[in-house]
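Only one structure is covered here, and it is reproduced in the block below.
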Amino acid sequence: MSSTDATPETGTSDDVLIIHGGTPLEGEVTVRGAKNLVSKAMVAALLGTSPSVLRSVPAIRDVEVVTGLLRVHGVDVELDGDTLYMDPTSVESAGVEEINVHAGTSRIPILLCGPLLHRLGRAFIPDLGGCNIGGRPIDFHLDALRKFGAVVDKDADGTHLSAPNGLHGIRYELEFPSVGATEQVLLTAVMAKGTTELRNAAIEPEIIDLICILQKMGAIIKVHTNRVIEIVGVDELKGYRHRALPDRIEAASWASAALATEGSVFVRGAQQTDMMTFLNVFRSIGGAYEVDDDPTEGGIRFWHPGTALKPVAIETDVHPGLMTDWQQPLVVALTQADGLSIMHETVYENRFGYTSELRRMGANIELYSDCLGGTPCRWGRRNFLHSAVIAGPSKLHAADLQIPDLRAGFSHLIAAMAAEGTSRVYGVDRYITRGYENFEAKLLGLGAKIERPSTKIA
Ligand code: UD1
């Protein structure tokens, strides 16, 4: 069973953060390159015939996982500060066992299919991991790869792919604008024979940044209106030099933490253009922000204005809609708004599991299977509890919490920091370090009163 559908393990006594809540977060944090771009940019380096250099790489577990996968395939990977050097000139096939070391740790391995098929003619993909937020199938990925000409064989070890007749451009329409499946098509089409037309593509900023990287490598990719992307296959790609776009999910998490704890956080590196939808929601709730667009030192300061927060009715969507990964931290902030808020989750069917822990802390949240307050979505009338009604303001109190997945985990941390009393949050090493760089040091820098069981707070 992959970790996508596994019951979260019970936290160990080491993997726990003790949080003394009730202190506003005040100060500054820096966000580096986006987790959702950096791992894909590392995969893209496999396609080059010369080395690539990626800057602003965060120290997170997903980067370690992809580093491990690249290395077993003969890519020389070196990290110097936050700059990653990747030399793919000696790419080679890896054994099932050495690849399977990375099984269940991340969903990124699926994206190695196209690049490995181009470079080696075959690929092996282990069972995937990722967050525990729904079925998370890979049918779009495998369907597109088959249409490109890949032969896909699943067995007990994982998935074996080959391309006996090479890969050829396709006309393909996604059922849903999946981020991963769009990246799969991009990473495969850039070196497939002929032209690929992808309809209903995802156009998240991280995808546009990946397209910029592929273009630097020599690809020809046109982004048309109405979610149509056209890729003209080329015979060879070279390495790239690129600075990853900043992590807008982490930025929004700190913004929500500032609101929920009645604090003020300057998020250095946060970019207005990638966060416009979030900023609109943040302001509608009553949060205050100020953009400093200095190209090197800039960022966005987010703060609680000291007046009552307002309820909102919002829904998550694909870009340019409200990002699903912004949902959980925003819900924590909405527990402090004065009135009834509605959050309709349209991207994942099962992304409200974390609210049961918030309810134990005193939040008033009810879940519904109807599409509340927005456009009917894929999950309506299918018994998926994908709409939440949040009645606030609620006084949150401390609790012992078990983190179920990455984004929900950070929301638990925010809730514990906003709550009165001492909470113990289990699973921080297992989940939070996958996507949040140095989160403990950042929390301490913002004045959070946190400690590990073996340490004393200052
Ligand atoms: C990426 C992000 C994740 C974000 C999500 C949506 C990374 C590493 N992760 O995940 O943080 O929450 O985009 O913005 O970039 N689907 C299928 N079949 C498929 C593929 C997807 O049905 O083959 C469905 C999923 O179950 C989900 C929806 O499409 O309901 C969106 O998933 P997708 O955009 O693919 O998410 P990821 O790329 O996995």
Checklist outcome for this item: Those residues of region 17-69 which are β-branched (Val, Ile, Thr), part of a loop (DSSP other than H, G, I, E, B) and open to solvent by 20 Å² or more (accessible area, probe 1.4 Å) amount to Thr23, Thr49
Checklist outcome for this item: Selection from region 252-290 of residues closer than 14 Å to Val331 by Cα and within 21 Å of the chain's Cα centre (by Cα) yields Ala252, Ser253, Trp254, Ala255, Ser256, Ala257, Ala258, Phe278, Val281, Phe282
Checklist entry - Within region 221-228, is there a residue that is away from the ligand (no atom under 12 Å from the Cβ) and in contact with a helix residue (DSSP H, G or I) (Cβ under 8 Å, 6 or more places away or on another chain)? => result yes
Checklist outcome for this item: All-but-one check, Val190 against (1) within 14 Å of the ligand (Cβ to nearest atom); (2) modelled with pLDDT of 90 or more; (3) of a type in the set (Val, Ile, Thr), failing number (1)
Item to check | Search result, residues across region 343-389 that are at positive phi, away from the ligand (no atom under 16 Å from the Cβ) and without any contact (Cβ under 8 Å) to a residue 40 or more places away in the chain | outcome: Arg381
Checklist entry - Going through region 273-285 one residue at a time, which ones are surrounded by 15 or more Cβ atoms within 10 Å (Cβ to Cβ) and closer than 14 Å to Pro320 by Cβ? => result Asp274, Met275, Thr277, Phe278, Leu279, Val281
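Table: residues versus (1) modelled with pLDDT of 95 or more; (2) closer than 24 Å to Leu116 by Cβ.
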residue: Thr10; (1), (2): no, no
residue: Asp15; (1), (2): no, no
residue: Leu25; (1), (2): yes, no
residue: Asn36; (1), (2): yes, yes
residue: Ser39; (1), (2): yes, yes
residue: Pro51; (1), (2): yes, yes
residue: Ile60; (1), (2): no, yes
Checklist entry - Given Asp153, Asp157, which one is away from the ligand (no atom under 15 Å from the Cβ), more than 30 Å from Ala308 (Cα to Cα) and touching a His at 6+ places or on another chain (Cβ under 7 Å)? => result Asp153
Item to check | Count - residues of region 203-233 that are within 19 Å of Thr277 (Cα to Cα) and in contact with a Leu (Cβ under 8 Å, 6 or more places away or on another chain) | outcome: 4
Next on the checklist: Quick check on my filter: what residues within region 397-431 are more than 19 Å from Ala333 (Cα to Cα) and assigned to a helix (DSSP H, G or I)?
Outcome noted: Val428, Asp429, Arg430, Tyr431
Item to check | Filter result for Lys216 (open to solvent by 50 Å² or more (accessible area, probe 1.4 Å), free of Cβ contacts under 8 Å to residues at least 60 places away in the same chain and in contact with a Phe, Trp or Tyr (Cβ under 6 Å, 6 or more places away or on another chain)) | outcome: yes
Item to check | Matching residues, region 291-307, being surrounded by fewer than 13 Cβ atoms within 10 Å (Cβ to Cβ) and farther than 21 Å from Ala337 by Cα | outcome: Asp293, Asp294, Pro295, Thr296, Glu297
Checklist outcome for this item: When (1) of a type in the set (A, V, I, L, M); (2) open to solvent by 20 Å² or more (accessible area, probe 1.4 Å); (3) farther than 17 Å from Ile108 by Cα are applied to Leu167, the one that fails is (2)
Checklist entry - Only one of these conditions is not met by Ser394: (1) part of a strand (DSSP E or B); (2) within 22 Å of Pro311 (Cβ to Cβ). Which number is it? => result (1)
Next on the checklist: With the requirement that a residue be outside any loop (DSSP other than H, G, I, E, B), touching a strand residue (DSSP E or B) at 6+ places or on another chain (Cβ under 9 Å) and closer than 20 Å to Pro115 by Cα, what does region 190-206 give you?
Outcome noted: Lys193, Thr195, Thr196, Glu197, Leu198
Checklist entry - Considering only strands (runs of 3 or more DSSP E) fully contained in region 70-157, which possess at least 1 residues that are free of Cβ contacts under 8 Å to residues at least 40 places away in the same chain and aromatic (Phe, Trp, Tyr)? => result 83-87, 122-126
Checklist entry - Taking region 291-313, which residues are under 25 Å from the mean Cα position of the chain (by Cα) and either outside any loop (DSSP other than H, G, I, E, B) or closer than 17 Å to Met276 by Cα (or both)? => result Val291, Asp292, Asp293, Gly298, Gly299, Ile300, Arg301, Phe302, Trp303, Val312, Ala313
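The values are calculated or read from the model by the stated rules, or taken from the named source; none is laboratory data. If you're wondering where the values come from, they're calculated on a predicted model, not measured in any experiment. We place every Cβ from the backbone using ideal geometry, glycine too, and count neighbours over all the protein chains shown. Calculation scope for accessible area: heavy atoms of the full protein, side chains included, ligands and nucleic acids excluded. Shrake-Rupley method; radii C 1.70, N 1.55, O 1.52, S 1.80 Å.
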